[in-house]
Every structure is written in C-alpha cells, then in structure tokens.
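Working notes for the structure below.
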C-alpha cells in the first residue's frame with residue numbers, strides 16, 4: 001500500500017496538532033478551569049452554610065422561647081405572698097425555684113454556644129463568598145485571555161484545515177478513517193515506522209508473524225498502542 005500521501009498529510013497535520021496541544025495546555029485555559037471549579041465549590045458550600053445557619057437560628061428561637069417560659073414561671077413564683085403559704089408550700093416553691101434557676105442557667109449556656117456557632121457559620125459564609133467573588137473575577141479574566149489566544153491562532157488553523165482537506169481527497173478512504181479515529185482519540189503521531197523489530201510509537205517488539213504481515217501489506221495496527229506501523233522499504 002502506498003502511504004506517501006497520508007505521511008504528507010500527517011506531516012502537515014503535525015502543525016495543527018501542535019496548535020491544538022498548545023491550546024489544551026494553555027495556562028489561561030487551565031486557570032479558567034481551576035477558577036470555575038473553585039467558584040462552583042464555593043457556591044455549593046455557601047448554600048450548605050445558609051442551610052446550617054437556618055437550622056441554628058431555629059434552635060436559637062426554640063431556646064429563647066424556653067427561656068421566656070422558664071423566666072415567666074420564676075417571676076410568678078417570686079411574686080407569691082410567702083406569708084400566706086404553709087411551710088410545705090414554701091418548701092415546694094423554693095424547690096421549684098431552684099429547678100427553674102438551674103434550667104435557666106442551662107438554657108443560657110446553650111444559647112451562648114448557639115450564638116457562637118451562628119457567628120462561626122456567618123464568618124465562614126462571608127469567607128466563602130469572598131472566595132467565590134475572587135474565583136469568578138479570575139475566571140472572567142482568564143477566559144478572556146484564553147479566547148484571545150484562540151483567536152490569535154484561528155487564521156493559521158483555518159489555513160491548515162483547508163490544506164488538509166485538499167490532501168485528504170487523494171488518500172484511501174479506509175486508511176483515512178483509521179487515521180481520523182486514532183487522531184480523534186488524541187493519539188499522535190498516528191503513523192509510525194517499524195524500527196528494527198519494534199513499533200516506532202511505543203517501542204514494543206513485534207513477533208515475527210506480525211513483521212511478515214507488515215512487510216507484505218505495508219501497514220499494521222500495533223496491538224499495544226493502536227498506532228499504524230508502516231514498513232520502510
């Protein structure tokens with residue numbers, strides 16, 4: 001099989017592959033992707049923190065209501081006329097008063113802890129919002145810079161694609177399909193020579209039967225790296 005034309009095609013395609021690789025590895029693109037991820041993570045965390053803050057505020061409200069009820073009961077006890085009460089009633093009242101005071105102390109401590117938790121969540125929320133805003137701003141900047149890099153190579157890419165399309169017309173269809181499939185999988189170079197007894201791509205040594213087949217047919221798919229090996233006569 002004559003592979004001269006597709007080798008010429010691959011030589012020209014290598015220039016397009018180089019441009020595509022540069023764009024894939026473009027630092028502005030990497031930064032934009034990183035900032036996009038950071039912004040999404042910060043947004044998800046802010047939603048989570050909002051939910052947590054809402055739950056804490058409900059707990060605070062519950063504790064405040066309990067405090068109000070316990071305080072009201074204590075005030076009612078303290079307002080009673082002790083002189084009109086019996087000794088047993090006074091003792092019962094004092095016992096209840098002690099329990100109410102104990103409950104109020106516990107509720108007060110719980111309220112303090114809840115307030116600290118709420119403040120901690122709010123501080124974390126504000127920090128997360130700042131991270132989101134910074135990430136969003138850097139994303140916009142990096143995306144704009146990457147778009148400029150893409151535009152800068154657009155004429156060269158278009159010219160190469162036009163030349164490749166013209167070359168493609170003179171190449172065997174089945175061979176071109178094999179080439180494009182591997183190229184689409186980001187495998188490059190697609191065609192590699194046989195070096196001694198090894199694949200020119202992955203350097204794995206081929207068995208004698210495959211080398212004989214390669215010599216007779218001109219090309220062979222490497223079972224290890226999937227590249228198309230060609231025989232240099």
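Only the coordinates and a few stated rules stand behind these numbers; no lab work does. Quick caveat: nothing in here was measured; it's all calculated off a predicted structure. Positions of Cβ are backbone-derived with ideal geometry, glycine not excepted, and every protein chain shown enters the neighbour counts.
Between region 18-66 and region 126-200, what is the C-alpha centre distance in whole Å? Going from one Cα centre to the other spans 30 Å. Along the Cα-to-C-beta direction of residue 172, a point sits 7 Å from the Cα; which residues of region 184-225 have their amide N less than 13 Å from that point? Taking a point 7 Å out along Cα→Cβ of residue 172, the residues of region 184-225 whose backbone N falls under 13 Å are 214-221.
Only Cα pairs under 8 Å and 6+ residues apart enter the sum, and on that basis the relative contact order of the chain stands at 29 percent. Over the residues of the chain, the helix contribution to mean residue ellipticity at 222 nm works out to -28000 deg cm²/dmol, using -39500 (n - 2.57) for each DSSP H run of at least 4.
Would region 144-190 count as rounded, prolate or oblate if I go by the C-alpha gyration tensor, calling it rounded below 1.5 in a/c and otherwise prolate when a/b exceeds b/c, oblate otherwise? Since a/c reaches 1.5 but b/c is at least a/b, the shape of region 144-190 is classed as oblate. Between residue 232 and residue 87, the simple spin-label model (points 7 angstrom out along Cα→Cβ) gives 11.8 nm. With neighbours defined as other Cβ atoms within 10 Å of a residue's Cβ, the residues 81, 8 order from fewest to most as 81, 8.
Taking the C-alpha atoms only, the angle from helix 173-184 to the longest principal axis of the chain is near 30 degrees.
The fewest-to-most ranking of 50, 151 by surrounding Cβ atoms within 10 Å reads 151, 50. Against the chain, whose longest principal axis comes from its Cα atoms, helix 27-78 is set at around 10 degrees. Could you tell me whether region 98-179 comes out rounded, prolate or oblate from its Cα gyration tensor? Rule is a ≥ b ≥ c as square roots of the eigenvalues, rounded for a/c under 1.5, then prolate if a/b exceeds b/c, otherwise oblate. Oblate, since a/c reaches 1.5 and b/c is not below a/b.
Once the Kirkwood radius over Cα pairs is known for region 8-169, the Stokes-Einstein relation at 10 °C and 1.306 mPa s delivers a diffusion coefficient of 71 µm²/s. Each of 2, 108 was scored by other Cβ atoms within 10 Å of its Cβ. Arranged with the fewest first, they read 2, 108. For region 172-233, what class follows from the C-alpha gyration tensor (a ≥ b ≥ c being the square roots of its eigenvalues): rounded when a/c is under 1.5, otherwise prolate if a/b is larger than b/c, else oblate? The shape class here is oblate.
When you count the other C-beta atoms within 10 angstrom of each residue and take the mean per peptide, 88-100, 218-230, 181-193 line up highest first as 218-230, 181-193, 88-100.
Compared with the dominant Cα axis of the chain, that is its longest principal axis, helix 208-217 is turned about 60°.
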